[in-house]
1. Among (1) 12.6; (2) 11.9; (3) 19.4, find the value of mean projected area of the Cα convex hull in nm² that was calculated from the structure presented, and write down its label.
2. Can you give the translational diffusion coefficient of segment 181-243 in µm²/s, computed by Stokes-Einstein from the Kirkwood radius over Cα pairs at 37 °C and 0.692 mPa s?
3. Return the ratio Rg/(2.2 N^0.38 Å) for segment 100-162, where Rg is computed over Cα atoms only.
4. Highest mean first, what order results for 229-239, 147-157 on Cβ atoms within 10 Å?
5. Any chance you could list P(r) for segment 120-249, counting all Cα-Cα pairs in 10 angstrom bins from zero, rounded to whole %?
6. Sort by residue number and name the cysteines in the chain that have no neighbouring cysteine Cβ under 4.7 Å.
7. If you average the alpha carbon positions of segment 215-249 and of segment 140-198, how far apart do those two centres end up, in angstrom?
8. Could you give the alpha-carbon Rg of segment 75-116 over 2.2 N^0.38 Å, rounded to two decimals?
Amino acid sequence: MTEIIIDKRYCGPPNSGNGGYVCGRLAQHIPGAAEVTLRAPPPLDTPLDAIAANDGTWELRDGVKIVATGRGVDVELARLETASFDEARAAELLTPIKPHEHPLPTCFVCGPARAEGDGLRIFAGPLGRHAQTPVLAASWIPDSNLAAEDGLVAPEFLWSALDCPTGFACNCDPQSSAVDRTPLLLGRMSARIESRPRAGTHCIITAWPTGRDGRKRTAEAALRDEAGKLLAMAKTTWIAVERDVQLGR
């Protein structure tokens, strides 16, 4: 058993952890690619127990409450979308949610109220060259405070960076490309890290919706460096919720 504390810096909604970050923290206990399912809002500044089961799965617990479960999986994407760093920068200017309209302005990953070097400030917007299938892109230059002891960006921040762009993608209808603003919460994320970049590396994130089924919306994402090297990939399932649920009320 290992203790995990989600610092308030890493919030998504104001009173709970950013989903991608929490998934990444639990995934550190699982060799290779992993899938993490969020069962409850991850509390902040609270000692949580990461517990291994005999079948190789892991649970993140808040006392007796299961917050998340994780297991090893194979992660393969049906396609991989790419963009240049300049294209990603241009896409950010078209982000469908402007700063004053953002539903979670203090989110560690996509919150516009977070300062440079504090939040990741990843603002995904549509790539104009994709006329039929919606594809979003964003740039990201990891800050030095995201580096682990080996000087490379810590894995949980790669999970984080792939999280919110897929949420933005899930609000793009994969059939019509119409954009809505349905409140969403991350339900499940699987990711595979190929190579961890150094802080200061110019990175490009692409994300695209893959389907809808009732309240469930799915998307995929890829993270590359400016030279086109694949760093990580992810598949996510988001759940449409009421606004009060998104805010943890």
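1. Here mean projected area of the Cα convex hull in nm² agrees with entry (1).
2. 253
3. Cα-based Rg divided by the globular estimate yields 1.29.
4. Ranked from most to least packed, the peptides come out as 229-239, 147-157.
5. Calculated over all Cα pairs of segment 120-249, the distribution is 14, 42, 31, 12, 1 percent.
6. 11, 23, 107, 170, 172, 203
7. Here the answer is 6 Å between Cα centres.
8. For segment 75-116, the normalised Cα radius of gyration comes out at 1.49.
Readers should treat all values here as calculations from the given coordinates under stated rules, not as data from a laboratory. Every value quoted in this text rests on a predicted model; they were computed, and no experiment measured them. Note that each Cβ is placed from the backbone with ideal geometry, even for glycine, and that neighbours are counted across all protein chains shown.
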